[in-house]
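None of the figures in this text is laboratory data; all of them are computed from the coordinates on show. Computed from a predicted model, the values in this text were never measured in an experiment. Counting neighbours? That spans all protein chains shown, and the Cβs are built from the backbone with ideal geometry, glycine included.
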Amino acid sequence: MIWLIGNKGMLGTELSLFLEKTHIPFIGTDMEVDITDRAALNKFISVQPVSWIINCAAYTAVDKAEDDKENCRLVNVDGAGNIASIANKIDATLIHISTDYVFNGKGSRPYTEEDEPDPIGVYGLSKRDGEIKILEKNTKSYIIRSAWLYGKHGDNFVTTMLKLMNDRESVSVVNDQYGSPTWACDLAEVIVTLIQKIENRKNIPYGIYHFTNEDEVTWYDFAREIYAQGCALGILTKDCEVIPCTSAGFPAKVTRPAYSALDTSKIKEALEMSIPAWEESLRKYLYNFLDSSCIMVYK
């Protein structure tokens, strides 16, 4: 049995749909089982035996975290550590989702799993420290770092752009931050594939892995592709100019990584899989934009 923690979020919802479609037994929880409360976690596992735990729960409000450090760390560090301790107690394998924000963004080539984290800002620090807690408390853990996540079941860059592009004559988007978009459905498929391969006795070493869609891009180029594909599919119905600008045009409490592309070679080799280009996955997402689930694209 799989315990999916954070099943109501964007990734958690897609995982729930994927597990249901593939008939894999799981139970999902969200805020009704508080990950910062060790007693609540113990109570849950006392009545619901599980062999896998997927942790999608996280504090992700990057700017808010600067003024809300205690709560951010409570969820991303203490909560993650609690889950790892519970997993160790019941001898369960843990899959934990992390982020490109563990890096400072000053690199010039995709970050590998061997690169030393050096986060900037409260959020990035909390995710890095959460990774450390997990690996200390449960050796049977997989940490999957991802980036620029979007999907149907939550606020994200793609849905924001679609709304703005249908409402405005122009939108300004930063052209000095590089990374790799990730469709939540693709990440959900990778998580389930990892579980299935291990259940089929494939040896995949525990530790940290990176997953995003292929190729790197700026937010501006991402927005331009959203507009082009949105118009082609009839989702966008008016003219809207996409204007490049610098990060200085959007001041924030914490600096975003200027370069946060992740090297995905390790997970491709481990799972013996190819990863779709970001444009391809964006096209699938937009094509199924009005559908209740994107699982159909895998059939």
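Note that region 64-72 has calculated 3J(HN,Hα) couplings of 4, 4, 4, 9, 10, 4, 4, 5, 4 Hz, one per residue in order, obtained from phi through the Karplus relation 6.51 cos²θ - 1.76 cosθ + 1.60 (θ = phi - 60°); glycine and proline are x.
In this structure the amide hydrogen of His96, modeled in the peptide plane, comes within under 5 Å of the amide hydrogens of Asn55, Tyr142, Ile143, Ile144, none closer than 5 places in sequence on its chain. If a spin label sat at a point 7 angstrom from the Cα of Phe157 along the line to its beta carbon, the backbone N atoms of region 218-242 nearer than 13 Å would be those of 218-227. Taking the Cα atoms of region 141-298, the ratio Rg/Rh between the radius of gyration and the Kirkwood radius comes to 1.00. Both radii are taken from the alpha-carbon atoms of the chain; with Rh as the Kirkwood radius, Rg/Rh is 0.96.
Relative to the longest principal axis of the Cα atoms of the chain, helix 219-232 runs at roughly 70 degrees. In the chain, helical runs assigned H by DSSP with n ≥ 4 each contribute -39500 (n - 2.57); averaged across all residues and rounded to the nearest 500, the mean residue ellipticity at 222 nm is -11500 deg cm²/dmol. Placing +1 on the Cβ of every Lys and Arg and -1 on the Cβ of every Asp and Glu, with nothing else charged, gives region 144-262 a dipole about its Cα centre of roughly 460 debye. Build a GNM of the chain with springs between Cα atoms under 10 Å apart, and of Gly230, Gly81, Gly107 the one that fluctuates most is Gly107. Using only Cα atoms, find the angle between the long axis of helix 157-167 and the longest principal axis of the chain, and express it within 0 to 90 degrees, rounded to the nearest 10. Roughly 30 degrees, rounded to the nearest 10. Each Lys and Arg Cβ is given +1 and each Asp and Glu Cβ -1; about its Cα centre, the chain then shows a dipole of about 680 debye. Among Ala277, Ala61, Ala147, the largest mean-square fluctuation in a Gaussian network model of the chain, built with springs joining Cα atoms closer than 10 Å, belongs to Ala61. Computed from point charges on the beta carbon alone (+1 for Lys and Arg, -1 for Asp and Glu), the dipole magnitude for region 199-299 about its Cα centre is near 340 Debye. With N the number of residues in region 179-255, Rg(Cα) / (2.2 N^0.38 Å) evaluates to 1.60. Taking all Cα pairs closer than 8 Å and separated by 6 or more residues, the relative contact order of the chain comes to 21 percent. Taking amide H atoms as placed 1.01 Å from N in the peptide plane, the amide H of Ser172 lies under 5 Å from those of Ile243, each 5 or more residues away in sequence or on another chain. Here the label points at Asn288 and Glu136, each 7 Å from Cα along the C-beta direction, are separated by 3.9 nm in the simple model. Which residue, Ser146, Ser180, Ser170, has the most motion in a Gaussian network model of the chain that connects Cα atoms within less than 10 Å? Maximum among the listed residues: Ser170.
Extension gain for Glu116-Thr36 works out to 26.1 nm (0.36 nm per residue, less the C-alpha to C-alpha distance). Farthest towards the positive end of the charge dipole of region 82-198, among the residues Pro181, Val122, Ala84, is the Cα of Ala84, using unit charges on the Cβ of Lys, Arg, Asp and Glu.
In region 1-74, what is the volume of the convex hull around the alpha carbon atoms, normalised per residue and reported in Å³?
So the per-residue hull volume is 85 Å³.
Taking Lys and Arg as +1 and Asp and Glu as -1, the other residues whose beta-carbon sits under 11 Å from that of Asp239 total 0. Helix 184-199 and the longest principal axis of the C-alpha atoms of the chain enclose an angle of approximately 30°.
For region 55-148, taking Cα atoms only, Rg and Dmax work out to 13.1, 42 Å respectively.
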